[in-house]
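I have placed the structure first, in the form of structure tokens, so that the comments after it can refer back to it.
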Amino acid sequence: MKKIPLLLLLFCAWLATQPGLAQSFKFAFVTDTHIGSPSGGAEEDLERTIADINQLPGIDFVLLTGDITEMGTNKELKHAKQIISKLKIPYYIVPGNHDTGWSESGGVSFIREFGSDKFVFEHKGIKFIGCASGPYVRMSDGHIPRDATVWLDSVLAATSKTQPIVFVNHYPLDNGLDNWYDAIDRLKKYNTQYTICGHGHQNTVVDSEGLPGTMGRSNLRAKEAIGGYNLVEMRADSVLFSERTPGVGTKPVWRRLALGTRNYNDGKTYDRPSFDVNTTYAATKKAWSYHSDANVISTPVNTQGLVIFGNSVGKVEALSEKDGKLKWSFQTGGGIFSSPAVYKDLIIFGSGDGNIYALKAKTGKLAWKAATGASVLGSPLVQNKTVYIGGSDGKFRALEAANGKPVWEFAGLEGAVVSTPLAYEGKIIFGAWDRHLYAVNQKDGSLAWKWNNGSPNRMFSPAMCIPVAHDGVVYIVAPDRFITALNSQTGEALWRSKEATVRESLGLSADKKLVYGKTMQDQVVAFETNKTAPKLAWKMNAGFGYEHVPSMLIEKDGAVFFGTKSGVVYSINPKTQQVNWAHKIDNSMVNTVNMLPKRRLIAATMDGKVEMLTY
């Protein structure tokens, strides 16, 4: 037998460690399974795909890239987990916007079922990194969560600059994510080979500012008899994508991408969000800014010289109202999407861990907590020593604010409550993600009336807006793009209008003569409050572009304030229909703002920025 020279053996060993020259392997790429889809067949499609993967030889693992369910309900997630768990090889999974945007747990249930909403692992020299993409609970653009960005920094810091990386997300890395550049700018500093994603439901070549990517088809059958997924073959010098029809066969390669050492220093510049508006309206200024380590998807409250809010990893933080410095924090067991309310020296809020909490505002010490049967994403209303708050266990509750003891429960809800209720004429009025708006008697929680818009689509539920009322009329807006006026005593629809295509942002003028709405393209509108017919009083072009986030319109001192999906807070003059000023905080959703005395406001964004503005 001929001996192989030692030098040649050493060279071969070195060659095997070089970037882009790893051993060949295959994996399955499955996305957009939409378990619970009303169109039907999603469960059968996924069952068929799992069975097909199990009988294929040579598949090392499976990547599932989001929109696993239709609305992220606990029932849908459990069913999806039950099917996916039949895989006989490892799988790695991230959520998509359908799993988190309407989630009744704020994403907690996804993590409980699948262990995490992010992953990192190495396979034959390649590092695979995957993370969530939002949005969470509120409608907005996609957003790589702030905690995932912090985590990504730690993962990359422990990665060699030469190690090949594959990045996995539900969204393509473009401006469908409001912080697309956070991921791209980080990944381009490393040897990122390519990205893969879902979301678009079709096999498509994706380019993210020079970073190559691939979007995969949905597993759903759509108009075909059988659904499908992709098989991915990683070779030493290339990666090949082929669509497979379960139980039928694999189609020819449709995407071929060269692998190797990447260098993204091409000298090109790419668009980034502009903050020029802040120089246009220089009189509005940032007094201070704090960046939490996770998303903030609620309105901070201010009391006893503190600004207090919760974030999406369950931490409550209290900042000095004077300078924004952290004074205390309190950790709960689930994401917080509940805007806290104040009762005397307490702050009260719900958590994704299934509890309603009351903390001492000054110290953050626990005063009481009340357990429920599921996550509590709704925001509390405190009135007459009583807390009114909805949860995700099919119940709306009244509790004693001083100690959390139950006063009454209203049961029978078929969807989560995620907003703040309205107290009006002895009733508590709120929406849920079960298509209905409810009015229950404030004294005992008995049902006074409930209303829906007639659509069977849960996504059109009046769940997100905070209702307003005047002169016996309750006003709501919803994703069906109607503004609706209801008789406060009976729940009968007095009038409905789609003239202005409002979405989920609503407000009432200080004199209660107008109802404000934010449309989905540039405009703020005002309807006259009345019982007979919709009367559009005025509309103005504020120039904020495409818009869909539920940031309520707040009037104070003759101006109306609201936030947008692009991180901008606006002040408009309702008398002249002119923009007073605009100020950009970052590039993510601004929650409903909190107006303070002395021309100050507190705004919080999805990316975890909490800022005090003076104007």
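Below is a table of values for the structure above.
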item: Share of Cα-Cα pairs in the range 417-493 lying beyond 20 Å, as whole percent; result: 19 percent
item: Largest-first ordering by accessible area, 1.4 Å probe, given options K188, K251; result: K251, K188
item: Cα-projected label distance for A371 with Q55, points at 7 Å along beta-carbon direction, nm; result: 4.7 nm
item: Heavy-atom accessible area ranking, 1.4 Å probe, most first, across R235, R186; result: R235, R186
item: Segment V150-R272, length gained on full extension (0.36 nm per residue, minus Cα span); result: 41.9 nm
item: The chain: relative contact order in percent, alpha carbon pairs under 8 Å with at least 6 residues between; result: 9 percent
item: Members of K75/K251; K405/K450; K327/K539; K575/K598 lying beyond 32 Å, as alpha-carbon distances in this model show; result: K75/K251; K327/K539
item: Protection-proxy order for peptides 397-404, 227-234, 62-69, each taking the mean of Cβ atoms within 10 Å per residue, highest first; result: 62-69, 227-234, 397-404
item: Most to least accessible of E44, E555 (protein chains only, probe 1.4 Å); result: E44, E555
item: Cross-link pairs beyond the 21 Å C-alpha cut-off, checked among K513/K535; K362/K443; K427/K512; K189/K609; K286/K325; result: K362/K443; K189/K609
item: Ordering of 589-602, 442-455 by burial proxy (mean other Cβ atoms within 10 Å per residue, highest first); result: 589-602, 442-455
item: Solvent-accessible heavy-atom area per residue, rounded to whole Å², over the chain at 1.4 Å; result: 39 Å²
item: Antiparallel %, DSSP beta bridges [both residues in the chain], to 5; result: 85 percent
item: Globularity index of the range 310-439, i.e. its alpha-carbon radius of gyration over 2.2 N^0.38 Å; result: 1.02
item: Modelled FRET efficiency - R0 22 Å, A537 with M595, Cβ distances, 0.05 increments; result: 0.45
item: FRET E, pair K325, E409, Förster distance 41 Å, beta-carbon r, rounded to 0.05; result: 0.55
item: Rounded to the nearest 10 Å², the accessible area of I111 at probe 1.4 Å; result: 70 Å²
item: Gain upon complete extension [N487, N573; 0.36 nm per residue less C-alpha separation]; result: 28.0 nm
item: Viscosity 0.692 mPa s, temperature 37 °C, Stokes-Einstein D of the range 546-615 from Kirkwood C-alpha radius, µm²/s; result: 275 µm²/s
item: Spin-label pair S85/N457, simplified geometry with 7 Å Cα→Cβ offset, distance in nm; result: 3.4 nm
item: Sparse-neighbourhood loop sites, trypsin sites (Lys or Arg not before Pro) in the range 255-321 - DSSP loop, at most 12 other Cβ within 10 angstrom; result: K268
item: More than 22 angstrom apart: percent of Cα pairs within the range 212-349; result: 66 percent
item: Computed lengthening from K385 to Y546, 0.36 nm per intervening residue step minus Cα-Cα distance; result: 53.9 nm
item: Carbon plus sulfur fraction of accessible area for the chain, probe 1.4 Å, in percent; result: 51 percent
item: Two-decimal Rg/Rh across the chain, once Rg and the Kirkwood Rh are taken from alpha-carbon atoms; result: 1.01
item: Counting all C-alpha pairs of the range 368-499, share separated by more than 19 Å (%); result: 44 percent
item: Alpha carbon centroid spacing (whole Å) that separates the range 288-315 from the range 223-243; result: 44 Å
item: Under the Debye formula (equal points on every Cα, no solvent term), log10 I(q)/I(0) of the range 261-332 at q = 0.22, 0.23, 0.25, 0.26 Å⁻¹; result: -0.98, -1.02, -1.12, -1.17
item: In Å², nearest 10: area of T576 left accessible to a 1.4 Å probe; result: 70 Å²
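The values are calculated or read from the model by the stated rules, or taken from the named source; none is laboratory data. In this text, all values refer to a predicted model and were calculated from it rather than measured experimentally. Positions of Cβ are backbone-derived with ideal geometry, glycine not excepted, and every protein chain shown enters the neighbour counts. Quick note on the areas: whole protein, heavy atoms, side chains included, nothing else; ligands and nucleic acids left out. Shrake-Rupley method; radii C 1.70, N 1.55, O 1.52, S 1.80 Å.
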